[in-house]
Amino acid sequence: MKILGIVGSCRKLGNTEILVKEALMAAQDQGAKVDIVRWTNYDIFPCEGDAVCMFLDKDCKHKGNDGHDYLLNMMYEFDGVVLGVPCYILEVEAVVKQFIDRLFILSSRPSKMIGKPAAVIVPYATRGWTSYAFLQPTILLHFLGMHIIDKQLIHTQAMSESAGDPLAKEKARRIGKEVADAVRTGDHSYKGDPGICPVCHERNIRIMSDNQTVECGICAIRGRLTIVDGKIRAEFPQEHLAWHRFAPESLYRHTTYEVKPSKDYFIRKWPDLKEQRAKYKEFLDIDRAAGEARS
Amino acid sequence: MKELTAVLRYFPLDPVTNPPKPIWQADLDLIAGETGTTITLDAVSGKSRTGEGDMVREDTMNSAIEEVSQEVVTVTAHDEKALTLAVRALIRIYRAPRTVFGTWGSSPHGREIISRLCDEHDGWY
């Protein structure tokens with residue numbers, strides 16, 4: 001049983017590192033072999049959208065030049081993950097989003113984390129500034145096909161404050177134990193706040209433009225709001241739940257019918273577009289301007 | 001007057017994102033009658049498609065858009081107003097095509113009309 005702690009924070013011995021280590025200590029107590037990696041120690045270059053990984057089954061042009069492929073393959077060696085990343089301005093640190101964008105590679109090289117358990121720790125400083133704290137971690141872990149078994153916000157601000165906070169450490173230890181238990185027993189049931197969405201347990205519900213339908217923006221399941229005993233509930237048809245956005249069959253159909261046919265579209269459009277874009281090449285030199293700004 | 005064509009391609013997605021009700025020619029005929037347009041329905045079964053129901057498999061990487069499994073709704077009209085009414089009714093019932101190539105085959109102005117109506121309905125409702 002091997003569990004990886006991922007730290008998405010630059011701060012050395014900051015709260016995220018401390019809390020992920022606390023979780024790993026608890027997992028170790030359960031018999032897990034543990035290791036840790038700080039993603040922010042690695043460059044993760046932006047996806048350039050050339051889609052060669054998708055359409056041509058080629059390696060990403062950044063493979064070997066940055067850390068994404070290394071970090072992804074490192075994860076594949078583990079049975080479970082504790083992801084810790086701080087919440088800054090409503091969302092977690094950008095390294096998670098950078099990592100997600102490069103996961104187009106999964107369209108030709110399927111994830112090896114499918115069905116493995118994961119949990120999320122998000123340290124944050126100010127109550128009320130965490131609206132989307134779990135958004136990117138949830139997208140990341142679901143896109144990899146993992147089962148999220150818990151998510152915890154941990155209120156802490158001073159440098160290394162959580163080292164002296166029994167409640168913060170208790171939450172982290174619980175996360176570590178839960179992941180270890182999930183790996184050992186195969187019980188991946190969700191242990192955290194049930195939230196509104198029955199799939200991802202988030203509370204970020206979108207009201208669609210018909211002003212009747214609601215959607216979990218992460219999972220793309222749709223339903224209706226009701227008020228029962230004065231409490232708002234979102235009711236989703238049972239048959240939709242298995243077809244949430246990140247379910248393997250949904251991802252297959254998205255890739256098969258919404259992504260791959262665009263290759264033919266691009267090829268057919270290219271002769272016209274090649275001419276139509278010429279005037280934009282002549283108008284201002286965006287890359288020269290960027291170079292001047294840097295120098 | 002030059003004929004306008006709007007093509008709406010619906011691919012076999014999941015039950016949540018597929019058109020929420022099956023597309024039948026009889027229903028399209030009603031819309032066509034109300035809007036003064038002609039609407040046809042063509043079902044394409046991809047050459048490499050296997051499986052049915054929940055486990056469809058198909059190699060679409062090197063297929064022409066028209067050869068991929070899909071339902072193609074084609075609206076023809078002689079004026080913009082009629083086409084707009086028909087496409088708006090279709091999007092309200094079946095939602096908008098989800099991809100840029102989901103309108104492939106439309107006349108240029110027909111495609112503009114679809115895009116504007118998709119924006120009007122947020123692409124979904």
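FYI, it's all coordinate maths here, none of it is from the lab. These numbers come from a predicted model, not from an experiment. Here the Cβ is made from the backbone with ideal geometry for all residues, glycine too, and neighbour counts use every protein chain on show.
Report, in degrees rounded to the nearest 10, the 0 to 90 angle that the Cα long axis of helix A:262-276 makes with the longest principal axis of chain A.
With both axes taken from Cα atoms, the answer is about 50 degrees.
Given H placed 1.01 Å from N in the peptide plane, which residues other than close sequence neighbours of A:ASP193 have an amide H under 5 Å from its amide H?
A:LYS151
Compute the long axis of helix A:15-29 from its Cα atoms, compare it with the longest principal axis of the Cα atoms of chain A, and write down the angle in degrees, 0 to 90, nearest 10.
60
Sort B:95-103, A:202-210, B:73-81 for me by packing, meaning the mean count of neighbouring Cβ atoms within 10 Å per residue, highest on top. All intermediate terms of the calculation are to be shown ahead of the outcome.
Numbers: B:95-103: 20.6, A:202-210: 14.6, B:73-81: 18.4.
Taking the mean over residues of other Cβ atoms within 10 Å, the ranking is B:95-103, B:73-81, A:202-210.
Specify the inter-centroid distance of segment A:18-73 and segment A:148-217, based on alpha-carbon positions, in whole Å.
Each part's Cα centre sits 21 Å from the other's.
Is there a pair in A:LYS263/B:LYS47; A:LYS63/A:LYS112; B:LYS21/B:LYS81; A:LYS58/A:LYS177; A:LYS12/A:LYS61; A:LYS2/A:LYS151 whose C-alpha atoms are over 28 Å apart, and which pairs would that be?
Working: A:LYS263/B:LYS47 17 Å; A:LYS63/A:LYS112 18 Å; B:LYS21/B:LYS81 25 Å; A:LYS58/A:LYS177 39 Å; A:LYS12/A:LYS61 30 Å; A:LYS2/A:LYS151 20 Å.
Correct reply: A:LYS58/A:LYS177; A:LYS12/A:LYS61.
Let me check against my output: what whole-number percent is the relative contact order of segment B:4-120, with C-alpha pairs under 8 Å and at least 6 apart?
Details: 183 pairs, mean separation 48.4, N = 117.
Relative contact order here is 41 percent.
With runs of 4+ DSSP H residues as the only contributors, calculate the mean residue ellipticity of chain A at 222 nm using -39,500 (n - 2.57) per run, divided by the residue total and rounded to the nearest 500.
Computed ellipticity for chain A at 222 nm equals -10000 deg cm²/dmol.
How many angstrom separate the Cα center of segment B:12-62 from the Cα center of segment A:235-289?
Cα centroid to Cα centroid, the span is 20 Å.
Helix B:80-94: angle to the longest alpha-carbon principal axis of chain B, degrees 0 to 90, nearest 10?
40
Within a Cβ distance under 15 Å of A:ALA27, other residues only, what is the Lys/Arg minus Asp/Glu net charge? Write down the numbers at each step before the final one.
Details: positive: A:LYS2, A:LYS21, A:LYS33, A:LYS116, A:LYS169, A:LYS171, A:ARG173, A:ARG174, A:LYS177, A:ARG184, A:LYS191; negative: A:GLU22, A:ASP29, A:ASP35, A:ASP79, A:ASP150, A:GLU170, A:GLU178, A:ASP181.
Every neighbour counted, the sum reads +3.
Relative to the compact-globule scaling 2.2 N^0.38 Å, provide the ratio for the alpha-carbon radius of gyration of segment B:4-120.
Numbers: Rg = 14.1 Å, N = 117, 2.2 N^0.38 = 13.4 Å.
The value comes to 1.05.
How about segment A:58-148: which chymotrypsin sites (Phe, Trp or Tyr not before Pro) there are in a DSSP loop, with at most 16 other Cβ atoms within 10 Å of their Cβ?
Values: sites: A:TYR70, A:TYR76, A:PHE78, A:TYR88, A:PHE99, A:PHE104, A:TYR124, A:TRP129, A:TYR132, A:PHE134, A:PHE143; in loops: A:PHE78, A:TYR88, A:TRP129, A:TYR132, A:PHE134.
Sparse-neighbourhood loop chymotrypsin sites (Phe, Trp or Tyr not before Pro): A:TYR88, A:TRP129, A:TYR132.
Would you calculate the convex hull of the Cα atoms in segment A:205-294 and tell me its volume per residue in Å³? Present the calculation step by step, with values, prior to reporting the outcome.
Values: hull volume 20.0 nm³, N = 90.
Per-residue hull volume (Cα only) is 223 Å³.
Return A:ASP69, B:ASP59 ranked ascending by Cβ neighbour count within 10 Å, so the fewest neighbours appear first. Don't skip to the answer; put the middle values down first.
Numbers: A:ASP69 17, B:ASP59 14.
Fewest-to-most Cβ neighbours within 10 Å comes out as B:ASP59, A:ASP69.
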